[in-house]
Amino acid sequence: MIVALLTILFSMYLLYVVPIQGRDAEISHMKYITQEFIGLKADIDGLIINNKVNLPIARSFELGTLSSVGSGSLSVLPLSSFIEATGLLMVNEQNDFLMVTVHGNMADLSKIANRSNNPSGYFNVSYNTEIQVSGIDEAILSFNCFGPEACPYPPINFSMYDRFFNVTTRTRYTFDNSADYDPVKQVIIRNFSINFDNKTYTPIEIPVNRTYDLIVEVYVNNTSGRFLTAEKTLIENLVFPGNYTYNFLKDNDLVPNNSSDYYTVHFDDGIDPGLFDWQAITTKVSRFSPRIGSFQYESSNRYWVNQNLLYEMGGLFMSQPADGGSSVMLIPSIALTPTWIDDPDNPGVRIQVLKVSINNIRITDTEDISGSVSAQIFSKVDHIYQNLFNGTEEIDSFYGSPPAGTVSLWKMREGEETNAKAIWLQFIPDDPRVINSSYREIRPLSYEEKQRMKATTELWKRGFDQVRTITNKTQSDTFVTDSDHDYSRWMYNFRIEDGDANQDAPTSPPYSANLVIGKKVLSEIATDCSPITGSGNAAACQNAVREYLENPDGDEFILDYSESELSLVMQSGAL
């Protein structure tokens, strides 16, 4: 009787208590994973905002619930604990596309090839080669140090962007310079007198130990003069005589971005203002648009619904495969905010304009880790390109490469002034038929592939909807909200579901989520592009958007666009 009762109790424990414990553990683990993804996003955003290139940040992820099958007090039966859940981390398993088309005030950098120094003070730059700035010939400086007064030799000073740099030596003393220091003898004199045997003893002279460092003094370049703003030690404990080298362009504290070509970072001040003109360009420079990459977690829960997390272009998305549910937890790195600037036509007058900030984060690695153990993720920003586009004037969202020789590097005008009239972001879900930038398999999409692509575009459209909602909330009482400054009406987003999805070789992306920003975007494209543009209307819609980008009408805005290349390196079993 007692054995039967114990059997019933233990059966009820296994049937009810263990699943509840497993469910609670999996719910807690999914909350933990979500917080880790949010922390990872914050880490990456911090690296980009602070221009920290090639600085890795590590973060650990517990892939599963880490609950091995245990026994506790019921050691005779080893099934008294829930079975652990596992998970899978993936980089670029879902490698979606993003086409950026912008009508802005920009310069074609190919037109300034081999441009020499001129009286206006523009830099002498060879196109697509190392920088040459006034005072130095190469980014890597080689110099001699013959002594404290001749280091570096010959002297090195130069201008870069809006700063003047002077390289010199600085003396460090074992004792600080005090009132007792004799600069002629270079000793510290301790003055005191001792009368002994009718004699007065001379003061003690204490030699000072000196070491020398190579430093750079940073001055602000402006019309009223140069003002010292900072110093930085380049090389400590110099030895004379000696030969030294230093690479200024690899110093992220001096040049904020790690790029061998300085014009890809701060070339705006080195371009003749006459080269800037209003132009429409697109980043689609090959048959297919550039990929943006992703970082994913897929759970394998046993007691709770499976949830998948996706980090993409700064946004965090969650989906539940079992019921098709999904949500936008954090919007992509897109922000529209009103701001005030000086009116260029009326000095002393401030005007309200729209500022559009976009950070196109591209993940460049491919790696997977699965299991229930911990994994360590190293995040590192490889490059940050500010208002720089590798693009072509041949705007076309249809599949096909632009004509040869039309691709160039474009730099937008920067500063607190308007520089754009319209921008189009077209998000295209990963097409499994696309093998590389120029080749695609000729076959129709399967039903599962079409459902996944459709669900992805729906999720991204919801993300664009949230950007619009947040824009409405940021227009506080401080800003004008009349018809000219109702910035929520400067946005229009829609998604395309084209009948070409059933074809072996479609002529355009069958699924896409689109966001277009411009003053009169609603009146120009809303008629041709409904919120869900289906078969038969997709071509007309995309042509309408292209025509609007080429000839936008309405007020200008400030576009702050950056493209960041991100490396994610995973290590399994890290503690």
Residues of the stretch 307-328 satisfying the condition of being within 20 Å of Val91 (Cβ to Cβ) and part of a loop (DSSP other than H, G, I, E, B): Gln307, Met313, Gly314, Pro321
Within the stretch 408-421, residues being assigned to a strand (DSSP E or B) and either free of Cβ contacts under 8 Å to residues at least 40 places away in the same chain or crowded, with 19+ Cβ neighbours inside 10 Å (or both) number 6
If we scan the stretch 307-319, do we find a residue that is in contact with a His (Cβ under 9 Å, 6 or more places away or on another chain), of a type in the set (Gly, Ala, Ser), modelled with pLDDT of 90 or more and in the same structural domain as Ile48 (by TED's automatic domain parsing)? no
Return the residue satisfying two criteria in turn: it lies in the stretch 266-297 and is assigned to a helix (DSSP H, G or I) and touching a helix residue (DSSP H, G or I) at 6+ places or on another chain (Cβ under 9 Å), and of such residues it is modelled with the lowest pLDDT. Gly270
Quick check on the stretch 244-265: of everything there that is more than 30 Å from Ser401 (Cβ to Cβ) and among the acidic types (Asp, Glu), which residue is modelled with the lowest pLDDT? Asp253
Residue check, Gly391 in contact (Cβ under 8 Å) with a residue 24 or more places away in the chain, closer than 28 Å to Arg468 by Cβ and out of contact with any Phe, Trp or Tyr (no Cβ under 7 Å at 6 or more places or on another chain): no
Output the residues belonging to the stretch 393-429 that are touching a strand residue (DSSP E or B) at 6+ places or on another chain (Cβ under 7 Å), of a type in the set (S, T, N, Q) and at pLDDT below 90. Ser397, Thr406, Ser408
Taking the stretch 380-407, which residues are more than 14 Å from Asp560 (Cβ to Cβ) and in a strand (DSSP E or B)? Lys380, Val381, Asp382, His383, Asn390, Gly391, Thr392, Val407
By residue number, the members of the stretch 538-556 that are in contact with a Ser or Thr (Cβ under 6 Å, 6 or more places away or on another chain) and hydrophobic (A, V, I, L, M, F, W, C) are Cys541, Leu549
Given (1) modelled with pLDDT under 65; (2) in contact with a Lys or Arg (Cβ under 8 Å, 6 or more places away or on another chain), Leu109 misses just (1)
Is there a residue in the stretch 440-449 that is closer than 23 Å to Leu98 by Cβ, at pLDDT 85 or above and surrounded by 13 or more Cβ atoms within 10 Å (Cβ to Cβ)? yes
With respect to Ile377, determine if the residue is surrounded by 22 or more Cβ atoms within 10 Å (Cβ to Cβ), in a strand (DSSP E or B) and at pLDDT below 90. yes
Give me a count of the residues in the stretch 330-364 that are in a loop (DSSP other than H, G, I, E, B) and closer than 22 Å to Asn390 by Cα. 3
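The values are calculated or read from the model by the stated rules, or taken from the named source; none is laboratory data. What you see is a predicted model; the values in this text were computed from it and never measured. Glycine also receives a Cβ, built like all others from the backbone with ideal geometry; neighbour counts cover every protein chain displayed.
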